[in-house]
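Presented below is the structure to which this report refers.
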Amino acid sequence: MEFIANLQGFTAIAIGLIVGLGAMGAALGIGIMGSKFLESVARQPELAPMLSGRMFLLAGLIDAAFLIGVGVAMMFAFANPLLSAVKTATGG
């Protein structure tokens, strides 16, 4: 029983790390990309339409990677495969 409680506790810590570090990475990535976009448009304003399209595409990909991490974290929160494997192995 103590092992299951430890597993649930470590899973909660892992969920926090997945979501927290994923959000921090996505925010930094979008911030750096946005600043580079503004620098590029300031240097060559005629490229703004092309660069903005590419910037929004990359912003979507960065957010998609973060949301995949959130999905994995929610899987571990609500349907933990580690916990079900332990329960079937111990007969509980």
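General observations
- Accessible carbon and sulfur surface of segment 21-92 relative to its total accessible area, %, 1.4 Å: 75 percent
- Applying a length cut-off of 30 Å (Cα extent along the axis) and a mean Kyte-Doolittle floor of 0.5 to the DSSP H helices of the chain leaves 2-43, 48-78.
- Spacing of the two label points (7 Å from each Cα toward its C-beta) at ALA5 and PHE78, in nm: 2.7 nm
- Where MET74, MET24, MET1 fall by accessible area, highest first, once all protein chains stay in place (1.4 Å): MET1, MET24, MET74
- Entry for log10 I(q)/I(0) by the Debye sum over Cα atoms at q = 0.15, 0.16, 0.20, 0.21 Å⁻¹ (calculated from the structure that is shown) out of (1) -0.75, -0.80, -1.02, -1.08; (2) -0.68, -0.72, -0.92, -0.96; (3) -0.61, -0.69, -0.98, -1.05: (2)
- For the pair ALA85 and ALA27, a Förster radius of 30 Å applied to the C-beta separation gives a FRET efficiency near 0.30, rounded to the nearest 0.05.
- Compared with the alpha-carbon gap, the fully stretched path from ALA59 to LYS36 is longer by 7.0 nm at 0.36 nm per residue.
- Computed Rg/Rh of segment 1-55, alpha carbon atoms with Kirkwood Rh: 1.43
- Entry comment: accessible area of segment 4-71 is 67 Å² per residue, from protein heavy atoms only and a probe of 1.4 Å.
- In the chain, the calculated helix contribution to ellipticity at 222 nm averages -32500 deg cm²/dmol per residue, counting -39,500 (n - 2.57) for every DSSP H run with n ≥ 4.
- Accessible area ranking (1.4 Å probe, heavy atoms, ligands and nucleic acids excluded), largest first, for LEU7, LEU67, LEU82: LEU67, LEU82, LEU7.
The values are calculated or read from the model by the stated rules, or taken from the named source; none is laboratory data. For clarity, every value in this text was computed on a predicted model and none was experimentally measured. For neighbour counting, all protein chains shown are included, and Cβ atoms are generated from backbone atoms with ideal geometry for every residue, glycine included. Note: areas computed on protein heavy atoms with side chains; ligands, DNA, RNA excluded. Shrake-Rupley method; radii C 1.70, N 1.55, O 1.52, S 1.80 Å.
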